[in-house]
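Step one of this worksheet: look at the structure below.
The values are calculated or read from the model by the stated rules, or taken from the named source; none is laboratory data. The structure presented is a predicted model; accordingly, all values stated were derived computationally and were not measured. Using ideal geometry, Cβ is built from the backbone for each residue, glycine included, and neighbour counts are taken over all protein chains shown.
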Amino acid sequence: MTYAERCSMFLALIAAGLTLGCASAPPSDKWSTPPVPGSAPPGSPVALHGQLAVAGVPAVAADGTPTVVYQLVDQNGVPVQLKGVSGSGLNYESQPFAESKPALTWMRDNWKLSVIRAAMTVNSKAGAATDLLPTTQPKAEIILQHAVELGVYVMVDWHTEDAINQQDAAVAYYTQMATTYGAYPNVIWEPWNEPAGNPRYTWAQIKAYHQAVVDAVRSVDPDNLMVLGTPSWSQNVDQAAADPVVGTNLLYTLHWYSCTHGPSIRSKGDTAIAGGVALFVSEFGATFSDGGLASNGHDYVCEDEANLWLGWMAQHNISGVAWKLDADGHSSSILTADAAVNGPWTDDKLTSDAGGALYAGALQGGASGTAIQGGHGQFVASWLRQ
């Protein structure tokens, strides 16, 4: 969740006389008997691809010379691109869409979704410790368990801009989770999704935090993927590539929102790839980077630039997760207000920019094309189904 979205939701909660963490309680359908690792349902993404890894893949450089790039590969060493959606911040969600097992089944079977992200918001404001974990941790675990049962990959996201003062808590949490769930190839650990910039945190600070969590996880889980946030809200992946974290099966996060981020951010991605690291887009939207807040005049969708981003991801075999599986009226919300929690989510239950008003202002960050008022739900679902 972007900072602007968090502020907007916080004010809405106050106006409604509610408290933080008051979204619908998670369902009480946690495992009674854990599935056997490696027993994913036939035909499911995990049954098809198994244990994922980061490996060198032969490629051709711009000058025509042979080279090796690092990408995500499946259990057979074949490059694979995961496609999925992120739940909203699990304390701010309007409904428990991401926690719904029938909905996840629908997305897997009808949208070809292969990964879901549990955005486990850990703090209510910048500088806070982990005051939201009692609310969001149980929800994230339910999402993880449903994903394992259904053979879908799942990202467990320490969803914050400020993790520096949370290192001990994060190490303890991911060690415990890796001990419990590390045998399941479904699980992808994301220990800090979006380090704040301007420049609140340097790569040296971020790297030290990541190294501590990576070392702790690897002591009990030697192989599941870890996706690492990068400076300036996970856009300066080039800085991470110049001084990478020590470890195996690590990928670096690049976030983009197509009305705000254009070719200059993709160029950072190109530099990171050339520098020898693998990337994972753990959050993106065909919107402005505030998540598409109408209060900011940003309830618009920029499909032209978004298609350039998606083409770039396909070219480099970069997996992606769209923000966000919610129905709160932001243009980044995938669902309409009348979408049922458990689905089914036919296209009429997805937001769209069809017939929307054109944006009168200039786009940001070199983004190209036209902004149109609406939401990106149908755009995201079409990408998933390709």
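Taking the criterion of being touching a strand residue (DSSP E or B) at 6+ places or on another chain (Cβ under 6 Å), in a loop (DSSP other than H, G, I, E, B) and surrounded by 21 or more Cβ atoms within 10 Å (Cβ to Cβ), the residues of region 348-386 that qualify are ASP353, ALA371, GLY374, HIS376.
Residue check, ILE143 against (1) within 24 Å of GLY269 (Cβ to Cβ); (2) among the β-branched types (Val, Ile, Thr); (3) in contact (Cβ under 8 Å) with a residue 40 or more places away in the chain, all met but one. Which one? The failed condition is (1).
The rows are residues; the columns are (1) of a type in the set (A, V, I, L, M); (2) without any contact (Cβ under 8 Å) to a residue 40 or more places away in the chain; (3) under 19 Å from GLN364 (Cβ atoms).
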residue	(1), (2), (3)
ILE273	yes, no, no
GLY276	no, no, no
GLU283	no, no, yes
SER289	no, no, yes
VAL301	yes, no, yes
ALA306	yes, no, yes
SER319	no, no, no
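Provide a single number: the residues in region 219-243 that are surrounded by fewer than 19 Cβ atoms within 10 Å (Cβ to Cβ) and in a helix (DSSP H, G or I).
Summing the residues that are surrounded by fewer than 19 Cβ atoms within 10 Å (Cβ to Cβ) and in a helix (DSSP H, G or I) in region 219-243 gives 1.
Among the residues of this structure, CYS22 counts as one that is at pLDDT below 95, out of contact with any helix residue (DSSP H, G or I) (no Cβ under 6 Å at 6 or more places or on another chain), surrounded by 12 or more Cβ atoms within 10 Å (Cβ to Cβ) and assigned to a loop (DSSP other than H, G, I, E, B).
Tally up the residues in region 185-202 that are among the hydrophobic types (A, V, I, L, M, F, W, C) and in a loop (DSSP other than H, G, I, E, B), please. The total comes to 2. Every condition in (1) touching a helix residue (DSSP H, G or I) at 6+ places or on another chain (Cβ under 9 Å); (2) hydroxyl-bearing (Ser, Thr, Tyr); (3) in contact (Cβ under 8 Å) with a residue 24 or more places away in the chain is met by SER264 except one, and the failing one is (1). On inspection, THR33 passes the criterion of being out of contact with any Lys or Arg (no Cβ under 9 Å at 6 or more places or on another chain), farther than 20 Å from PHE284 by Cβ, loosely packed, with under 14 Cβ neighbours inside 10 Å and of a type in the set (Ser, Thr, Tyr). Scanning region 56-91 for residues that are within 21 Å of the chain's Cα centre (by Cα) and assigned to a strand (DSSP E or B) gives TYR70, GLN71, LEU72, VAL73, PRO79, LYS83, GLY84, VAL85, SER86, GLY87.
Residues of region 261-308 that are of a type in the set (A, V, I, L, M, F, W, C), part of a helix (DSSP H, G or I) and more than 22 Å from TRP158 (Cβ to Cβ): ILE265, ILE273, ALA274, ALA294, ALA306, LEU308.
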